[in-house]
Amino acid sequence: RRSASPPTRAPTSTAFIIIFVMVLTFRPKTGKPISSGKFKQFQSQFLLVFLTMFAGDWLQGPTVYALYAYYGFSRAENGILFIVGFGSSMLFGPFAGTLADRYGRRFICISYGVIYSLCCITKHFNNFHILLLGRLFGGIATSIVWSGFESWMVSEHRIRGFDDDWLQSTFSRMTIGNGVVAIPAGLVAQLAVWAYGGHPVAPFDVSLAFLVVGSFIIMLTWQENYGDSTVGA
């Protein structure tokens, strides 16, 4: 049933105040000025993809439990679903870096988008076993996102001959940007649920859109690199 009104403005205002304070407080600092236009372009293009993909992750978090409750699953069944997700991430995590080095970091980042998209699609089914498969996909994808994108960026940074000192700038922006994206992602998730008439599957559809867009940008703009392609490592 559709709620009478969308989420209030108060949380939105508070969220943007928090974002503003974070940006001012944790502004990236580098040891020496960066004057390279090529580096700034590379950094901006990478951050666009990185934050788009992480937005796809943040959008899902607030409503996972709510969705399972909406479908009528018990606490015990909810627990199993969450354990499978965390367990698959823990089991696959140690191998994510090795697979990225062997098969390509660009490939593994695209795989994140595809696997997590499949996870989103499974959320449309009120079926325990399909949702269990979705949690398995989600756990695998989560283990990729924390290593694949960073590995690709560092390797590509060095392949292009950029100063290693400039990596600090990109890492700072990754950290700040991820925190900044997380807050509006939660608000967008709430608005999506309201727009869908209260159905908690809505944020997963929005997440799917972000993941598809991010994956296409990678396919069109990134070049592949492997474990032995890092210059000066």
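Values quoted throughout were computed directly from the atomic coordinates according to the rules given, and no laboratory measurement underlies them. Because the structure is predicted, anything quoted here is derived from the model rather than measured. Cβ coordinates were reconstructed from backbone atoms using ideal geometry, including for glycine residues, and neighbour counts include every protein chain displayed.
Along the positive direction of the dipole of the stretch 56-221 (beta-carbon charges: Lys, Arg +1; Asp, Glu -1; about the Cα centre), which of 115, 147, 174 reaches farthest? The listed residue farthest towards the positive side: 115.
Which of 199, 157, 129 has the fewest other C-beta atoms within 10 Å, and how do the rest follow up to the most?
In order of increasing Cβ crowding within 10 Å: 129, 199, 157.
When Rg and Dmax are taken over the Cα atoms of the stretch 56-221, they come to 17.0, 55 Å.
Find the relative contact order for the stretch 56-221 and round it to a whole percent, using C-alpha pairs within less than 8 Å whose residues are 6+ positions apart. Averaging sequence separation for qualifying contacts and normalising by length gives 39 percent for the stretch 56-221. Panel order for 207, 172, 44, by other beta carbons found within 10 Å of each beta carbon, from fewest to most: 44, 172, 207. Loop-located trypsin sites (Lys or Arg not before Pro) in the stretch 154-233 (DSSP state other than H, G, I, E, B) with a sparse environment of at most 13 neighbouring Cβ atoms within 10 Å: 160. Panel order for 125, 50, by other beta carbons found within 10 Å of each beta carbon, from fewest to most: 125, 50.
Just subtract the alpha-carbon distance of residue 212 and residue 80 from 0.36 nm times their residue separation and send over the number in nm, one decimal.
Extra length available between residue 212 and residue 80 comes to 44.7 nm.
Other residues within the sphere of radius under 11 Å centred on the Cβ of residue 120, judged by their own Cβ, net out at -1 (K and R +1, D and E -1). Taken about its Cα centre, the stretch 56-221 carries a charge dipole of about 260 debye when Lys and Arg each add +1 at the Cβ and Asp and Glu each add -1 at the Cβ. Label sites at residue 130 and residue 36, each approximated as a point 7 angstrom past Cα along Cα to Cβ, lie 4.9 nm apart. Alpha carbon centre of the stretch 102-131 versus the stretch 166-233: separation in Å? Going from one Cα centre to the other spans 14 Å. Between residue 164 and residue 70, the FRET efficiency from the beta-carbon distance, with R0 = 35 Å, is close to 0.10.
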